[in-house]
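Here's the structure, in structure tokens; my notes come after.
The values are calculated or read from the model by the stated rules, or taken from the named source; none is laboratory data. Computed from a predicted structure; not experimentally measured. Ideal geometry is used to build each Cβ from the backbone, glycine not excepted, and the neighbour counts take in all protein chains shown.
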Amino acid sequence: MAARDELGTDKDPDIQGGGVQSVDRALQILQILARDGHAGVSEIAEEMGVHKSTVSRLLGSLVTREMVHQNSDRGKYQLGFGVLRLASSIPGRLSLVREARPVLESLAEEFKETVNLAVLRSNYAVNVDQAMGPSTLATYDWVGSLTPLHATSSGKVLLAALPADERERVLKKTGLAARTQRTITSRKELEKQLLDVSRDGYAVVHEEFEIGLTAIAVPVCNHAGTVIGAVSISGPSFRFDPENTPGLIQGLRAAGLVISGKMGYTGH
């Protein structure tokens, strides 16, 4: 069986250097399509100075990832919606982190625990920023970490906001693996919890993701009222009890609304 590079293309003499050169050539193809609007395999191969079979295989991988679209079965290629999704996500994600930063720091200072900002990516909750409280015992950096949606407070907030069919797709793909003995692994029980999250406006997990860790999260919305992230506070279970900490739920909710307001949310 032939070896395959990162783009899923068979290695041959035209793709020397493995994945790095394949990525470089794939980017060349995207640049050509961006410049010309559309192009055929022969045109692209001639400009790049490579064999048509190489271009065809790279285009096949790009089509699979919706980065490129073919006009018809034998037609020319053009940029796909995948490129648009990537491009549109960049300013929103970056501005979300920038606008949320002072709010995260304020929360960490007020409640003396770790505060995280998470977004949905690749069927997981990924933490994109973090502020550490002065009494935080651990110094673990969660930024960039992919965490399971069903076992984390931010994940449950993000899951609760998804349409039913999208939530079904995500959970079918990821499953409900037990991270601890307290992880919810029943789909029926999880759905009931998610209804509570939607009603209450926050999610709490007690040692579902990690033994000894408790967390609470609220949603962050954009101008259209769509949930685009979640802000959470987490701390050691022996001292952090969010539901019985005076003002914490209210303060976290207010912080979520402040960040949402910065993203254009008006509350309607």
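Within the stretch 232-245, no residue that is outside the structural domain of Gly155 (by TED's automatic domain parsing) and hydroxyl-bearing (Ser, Thr, Tyr) sits with its Cβ atom under 6 Å from a residue that is modelled with pLDDT under 90 and not in a helix (DSSP H, G or I) at 6+ positions apart or across chains.
Can you name the number of the only condition in (1) farther than 17 Å from Glu113 by Cα; (2) buried (at least 23 other Cβ atoms within 10 Å of the Cβ); (3) touching a His at 6+ places or on another chain (Cβ under 8 Å) that Leu171 fails? That leaves (2) as the condition not met.
Does Arg35 satisfy the condition of being over 27 Å from the mean Cα position of the chain (by Cα), assigned to a helix (DSSP H, G or I) and in contact (Cβ under 8 Å) with a residue 40 or more places away in the chain?
Values: over 27 Å from the mean Cα position of the chain (by Cα): yes; assigned to a helix (DSSP H, G or I): yes; in contact (Cβ under 8 Å) with a residue 40 or more places away in the chain: no.
In short, no.
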